[in-house]
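The values are calculated or read from the model by the stated rules, or taken from the named source; none is laboratory data. Please read all numbers here as calculations on a predicted model, not as lab measurements. Glycine gets a Cβ as well: all are built from the backbone with ideal geometry, and neighbour counts include every protein chain shown.
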């Protein structure tokens, strides 16, 4: 790769002249400018971005720490971050902690991985990143990020509980509210629920959305129609019979895997999903469109979470003193209506 000195020598002009032309400064004739630009192209000259960024005191890079790339939610979040950074001419430096591979979901309530997070943060700081986005595997309170870095930090898909570290999360509550409101509008007033794990923020928000929809439609909330599951297909299968015995006409599986377990049990009982019993899920996983009938669910705008997290950190890097950084940014979810809910009188 050619240097400015080599271009200057080839054109028989000074280094300063070449530098001014390549940096679009005046002072050179059109003939000299054309000569230098053609020679730079011929010699395959590439500007030294490191030197330029050092002069600007910015590397135009964002560090991204992800808990585990194998979690279904994370690739779309990374895509959103990458797209936004690409538009604004920033590069990303990605660190994959592989926490789920190492500990399964047991690490959610552990603290011994904090050292790995701090090591990743310090590694990115040593590379002079302008800011860091931490991407959680699922929404929960994450306490592992230091608050005194003097470096912009944003939490994507999790809560930091710090005004210094904004959080970008899903609006699970509104998504569940709109989903159950749709089911009620189809004539159902006895809707069973199979939740995820009770300590999950997703579960808690979706349950509140369910309760809110019942309240606004003057339907009494019945705790006996709600069963705690494990976010898996087995939970849907396990609790289908007991909900049918209680006379429900629709079942809300709090994720698409759980809803799939409901399908499994209904088919075993010679009942038709979407006809004899209506079913809805949450997440809009790819498999939900392959269920028969296709599952009505709620789409997770994970790409939008990543895009918004990138926008927030770029806003934090903006020198505008009048900027306002909110502690929490909620991204709305959208109901995906398919064929698994029957309209009844």
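Odds and ends about this structure:
- Subset of the range 156-211 (residues that are part of a helix (DSSP H, G or I) and closer than 30 Å to residue 64 by Cα): 172, 173, 174, 175, 176, 201, 202, 203, 204, 205, 206
- Subset of the range 105-126 (residues that are closer than 21 Å to residue 78 by Cα and either modelled with pLDDT under 90 or in contact with a strand residue (DSSP E or B) (Cβ under 6 Å, 6 or more places away or on another chain) (or both)): 105, 108, 120, 124
- Test: residue in the range 232-240 that is closer than 18 Å to residue 138 by Cα and in contact with a helix residue (DSSP H, G or I) (Cβ under 7 Å, 6 or more places away or on another chain): yes
- In the condition set (1) touching a strand residue (DSSP E or B) at 6+ places or on another chain (Cβ under 8 Å); (2) assigned to a helix (DSSP H, G or I); (3) free of Cβ contacts under 8 Å to residues at least 60 places away in the same chain; (4) over 21 Å from residue 345 (Cβ atoms), residue 145 is compliant with all but (2).
- For the criterion of being surrounded by fewer than 18 Cβ atoms within 10 Å (Cβ to Cβ), in contact with a helix residue (DSSP H, G or I) (Cβ under 9 Å, 6 or more places away or on another chain) and farther than 25 Å from residue 140 by Cβ, residue 189 passes.
- Qualifying residue in the range 216-229 (condition: closer than 30 Å to residue 78 by Cα and either surrounded by 18 or more Cβ atoms within 10 Å (Cβ to Cβ) or at pLDDT 95 or above (or both)): yes
- Test: residue 74 is buried (at least 17 other Cβ atoms within 10 Å of the Cβ) and within 23 Å of residue 283 (Cα to Cα): yes
- Within the range 21-71, the set of residues being under 22 Å from residue 86 (Cβ atoms), modelled with pLDDT of 85 or more and assigned to a loop (DSSP other than H, G, I, E, B) comprises 60, 69.
- Any hit, the range 235-250, residues being closer than 14 Å to residue 297 by Cα and touching a residue at least 12 places away in the same chain (Cβ under 8 Å): yes
- Number of residues in the range 78-93 that are surrounded by 14 or more Cβ atoms within 10 Å (Cβ to Cβ) and out of contact with any helix residue (DSSP H, G or I) (no Cβ under 7 Å at 6 or more places or on another chain) equals 2.
Table: residues versus (1) surrounded by 17 or more Cβ atoms within 10 Å (Cβ to Cβ); (2) modelled with pLDDT of 95 or more; (3) out of contact with any strand residue (DSSP E or B) (no Cβ under 7 Å at 6 or more places or on another chain).
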position: 263; (1), (2), (3): yes, yes, no
position: 274; (1), (2), (3): yes, yes, yes
position: 281; (1), (2), (3): yes, yes, no
position: 311; (1), (2), (3): yes, yes, yes
position: 333; (1), (2), (3): yes, yes, no
position: 343; (1), (2), (3): no, yes, yes
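- Whichever residue in the range 241-258 is out of contact with any helix residue (DSSP H, G or I) (no Cβ under 6 Å at 6 or more places or on another chain) and part of a helix (DSSP H, G or I) and, among such residues, is surrounded by the fewest Cβ atoms within 10 Å (Cβ to Cβ): 245
- Residue in the range 275-291 that is part of a loop (DSSP other than H, G, I, E, B) and more than 28 Å from residue 74 (Cβ to Cβ) present: yes
- Test set (1) over 21 Å from the mean Cα position of the chain (by Cα); (2) modelled with pLDDT of 95 or more - residue 254 fails condition number: (1)
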